[in-house]
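What follows draws every value from the coordinates through simple rules; no lab data is involved. Nothing here was measured: the structure is a model prediction, and the numbers come from that model. Here the Cβ positions follow ideal geometry from the backbone for every residue, glycine too, while neighbour counts run over all protein chains shown.
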Amino acid sequence: MNNTLLWYTARAAGIVSLVFLSAVVVLGLLARMRVEGRGWPRFLTAAVHRDLALLSLVFLSIHIVTAVTDPFTALGLNAAVVPFGSYYRTFWLGLGTLSVELMLAVVVTSLVRRWIGQRAWKAVHWAAYAVWPMAVLHGIGTGTDAFTLWSLAVTIVCVGGVAVALMWRVDYARRDPLREEKRAAAAASTRELVR
């Protein structure tokens, strides 16, 4: 395979996996808020969240395999498996490796969720909140074109999307999510008492 093709494939797959991972985080936050609409039931948000997470892993695998096999970078398998074990941009590459390992733990525990239980799954799933920022920092610190206009635009859109969803989630947590239902129930019971 052509060295230039490997290099471009590694970069493109890394960017695509960041976009998908950002969408996974946004959908995870929305699913946690039980967001749904008439044409978009809640279970669909969870299904898209899961499917995008798996698709993100596919592109992440392409990113890793092409980066490791690219003779120009000569990273080797150690850089992909041992966090902070690379000679090249050790910290930034280490964040990427650690992010991948945490993401794999989240995916594996999600696949065996029924056998390990909700509590264990949830404990590991919290690691997903560390995966995304480490992946963003990995891309900024390791990417050879991280500060080009197009790459910055992609990163800004990803960070902005997650930030908006996170702010919405924090604001949602401050309010009582059952407030309207409680009001309706109180009004209904008051009407019953008046009759």
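Before moving on, here are some points about what is shown:
- For L55 and A184, a Förster radius of 45 Å and the Cβ-Cβ distance give a FRET efficiency of 0.70, rounded to the nearest 0.05.
- Residues Q118 and V159, FRET efficiency given R0 of 35 Å [Cβ-Cβ distance, rounded to 0.05]: 0.70
- Charge dipole (Cα centre; +1 on Lys/Arg Cβ, -1 on Asp/Glu Cβ; no other charges) of segment 61-164 amounts to roughly 500 debye.
- Loop-located chymotrypsin sites (Phe, Trp or Tyr not before Pro) in segment 94-131, at most 11 other Cβ atoms within 10 Å (DSSP): W126
- Highest average first, the peptides 64-75, 150-161 ordered by how many other beta carbon atoms sit within 10 Å of their residues are 64-75, 150-161.
- Peptides ranked, highest mean first, by Cβ atoms within 10 Å: ranges 77-88, 51-62: 51-62, 77-88
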